[in-house]
Amino acid sequence: MADVLMTQAMRWFGPRDPVPLAHIRQAGATHVVTALHHIPNGMVWPREEIAAQRAMIERAGLGWTTVESVPVHEAIKTAGAERDRLIDQYITTLRHLAAEGITIVTYNFMPLLDWTRTDLAWELPDGARALRFELDAVAAYDLHLLRRPGAEADYAPDTIERAARRFAAMDDEAKLRLERTIIAGLPGSEESFTSAQFLDAIHDYADTGPDQLRANHHAFMAAICPVAEELGIRMVVHPDDPPFPIFGLPRVVSTEADVTALFEAVPSTANGLCFCTGSFGVRADNDLPGMVRRLGERIGFLHLRSVQREPDGAFHEAAHLEGSGDLTAVMAEVVALQRREGRSIVMRPDHGHQMIDDLTKVTNPGYSLLGRMRGLAELRGLERGLAFMGAK
Ligand code: DNO
Ligand code: MN
């Protein structure tokens, strides 16, 4: 029996993405994952616009079954006054998506910031560029530019000391670049802040600690999942990136225990996981292959990439099969899972290095074409090889 293989996708940011659909197809993907990025967070996605986006994708010879993401409004995360109305609107969007054939919807539950990096063009020894995160840089921004009240309590003394030294060595341009990198919003993020706005927004979380955020997350899934199930949609939560609190804001989707608690609280099959190896893999205590084995039936979408952990809470994005995470072991579990369940899981190479001709082009950080194409090629080859060996 032929093995079921992954459904190979790439992220596409819509008509404004500098990477055209034709190039994604030539890179070997059969599908894209995308969203209606122009619609403000909290508004209903009109069915006609979803249909138009689908038509555009299909004209390019690609398929679209997976949305990344329908963003969750902050008032749902904080259980604010508008929560019920916003949940109703979210459900209306799900109805429209289901009517247009969408079966997987990605979301995250990170307060205010989506994914966060401190350097978007960190040069690797071979001249390619990677995204990097340094806790020292976050601390330098937090303590000396944002000047968040009480921030000192969130950092170890040696981090505070290194952050002070780093800040003292920065010129105005470097300060501005760091501020923008952290809070102006990376591709796919729904929010973009100035430092003053960010401080105000952090203040809105004063009453939402980790227990409350977790309760609000579970309540959101409890409200959404019965309808999603009926619509044939699976919600998949993207883990926190990075998987620990930053700026004093809680994060509750960072570990295996976090997601296990989510699935225990809301057992519906519509309550699923976007397994992002790069996000979970920042923590050495997340056992990636073991998580695929244990959580497999919940996994509706795969983000595959690797990170290299560095000292002092830093990490950078490694080539897809290099770095701290054992992507070969993860892939072996994915092959076994798909065989066990007879199901093809949608995957995408999650980010890639800026390399070769990418280096002379303006693309979304992390989403240049050649780096992702290399990642996809390596991952699909690995999968085929493992499936073939396992089949013998
Ligand atoms: C970054 C992405 C995230 C992800 C959202 C899902 O590259 O993995 O922005 O799309 O967190 O809601
Ligand atoms: Mn991801």
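Quick look at the numbers
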| quantity | calculated |
| --- | --- |
| Convex hull volume per residue for region 211-266, taking Cα atoms only, in Å³ | 80 Å³ |
| Dipole moment magnitude, nearest 20 debye, region 119-190 about Cα centre, only Lys, Arg, Asp, Glu C-beta charged | 100 debye |
| Fraction of alpha-carbon pairs over 12 Å apart in region 296-346 - percent | 67 percent |
| Alpha carbon convex hull of region 57-107, volume per residue in cubic angstrom | 71 Å³ |
| Estimated distance in nm for a label pair at Glu82 and Leu176, the labels positioned 7 Å out from Cα along Cα-to-Cβ | 3.2 nm |
| Dipole in debye (nearest 20) - the chain, about Cα centre, beta carbon charges: Lys, Arg +1; Asp, Glu -1 | 1200 debye |
| Region 304-392 - percent relative contact order, Cα under 8 Å, separation 6 or more | 27 percent |
| Projected area, mean over directions - region 247-392, Cα convex hull, nm² | 10.4 nm² |
| Principal axis dimensions, region 311-392 - Cα atoms, whole angstrom, descending | 44, 32, 19 |
| Nearest-0.05 FRET efficiency for Ser324 and Val362, computed from C-beta distance (R0 30 Å) | 0.50 |
| Simple spin-label estimate for Ala22 and Phe244 in nanometres, 7 Å along Cα-Cβ | 4.7 nm |
| Inter-part distance where region 65-84 and region 111-170 are each reduced to a Cα centre, Å | 28 Å |
| More than 26 Å apart - percent of Cα-Cα pairs taken over region 120-273 | 40 percent |
| Ascending count of other beta-carbon atoms within 10 Å, so fewest first, for Met221, Met56 | Met56, Met221 |
| Karplus-derived 3J(HN,Hα), 6.51/-1.76/1.60, for each residue of region 287-293, Hz, glycine and proline x | 8, 4, x, x, 5, 5, 5 |
| Percent antiparallel among DSSP beta bridges (both partners in the chain, rounded to 5) | 30 percent |
| Taking the C-alpha atoms of the chain, convex hull volume expressed per residue in Å³ | 138 Å³ |
| For Ser254, residues with placed amide H under 5 Å, excluding near neighbours | Asp240 |
| The chain, helix-only ellipticity at 222 nm - DSSP H runs n ≥ 4, -39,500 (n - 2.57), divided by all residues, nearest 500 | -12500 deg cm²/dmol |
| Cα-based equivalent ellipsoid, region 252-338: semi-axes from gyration tensor eigenvalues, Å | 23, 15, 9 |
| Mean-position separation - Cα centroids, region 176-197 and region 247-291, in angstrom | 25 Å |
| With eigenvalues of the C-alpha gyration tensor scaled by 5 and rooted, region 150-224, Å | 30, 18, 11 |
| Isotropically averaged projected area of region 37-124, using the convex hull of Cα atoms (one quarter of hull area), nm² | 7.8 nm² |
| q = 0.11, 0.12, 0.21 Å⁻¹: log10 I(q)/I(0) that the Debye formula gives for region 91-186, counting C-alpha atoms only | -0.48, -0.54, -1.08 |
| Contact order relative to length of region 131-208, as percent, for alpha carbon pairs under 8 angstrom and 6 or more apart | 28 percent |
| Cα-centred dipole magnitude for region 299-387, charges only on beta-carbon of K, R (+1) and D, E (-1), debye, nearest 20 | 440 debye |
| Over 13 Å [Cα-Cα, region 234-293], rounded percent | 60 percent |
| Residue among Ala140, Leu36, Leu178 farthest towards the positive dipole end of the chain, charges placed on Cβ | Leu36 |
| Cα lying deepest toward the dipole's positive end in region 88-162, options Leu131, Leu113, Leu94, charges on Cβ | Leu94 |
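Bear in mind these aren't lab numbers, they're just calculated from the coordinates by the rules spelled out. What you see is a predicted model, and the numbers here were worked out from it, not measured in a lab. As a convention, Cβ positions derive from the backbone with ideal geometry for all residues, glycine included, and neighbour counts pool all protein chains shown.
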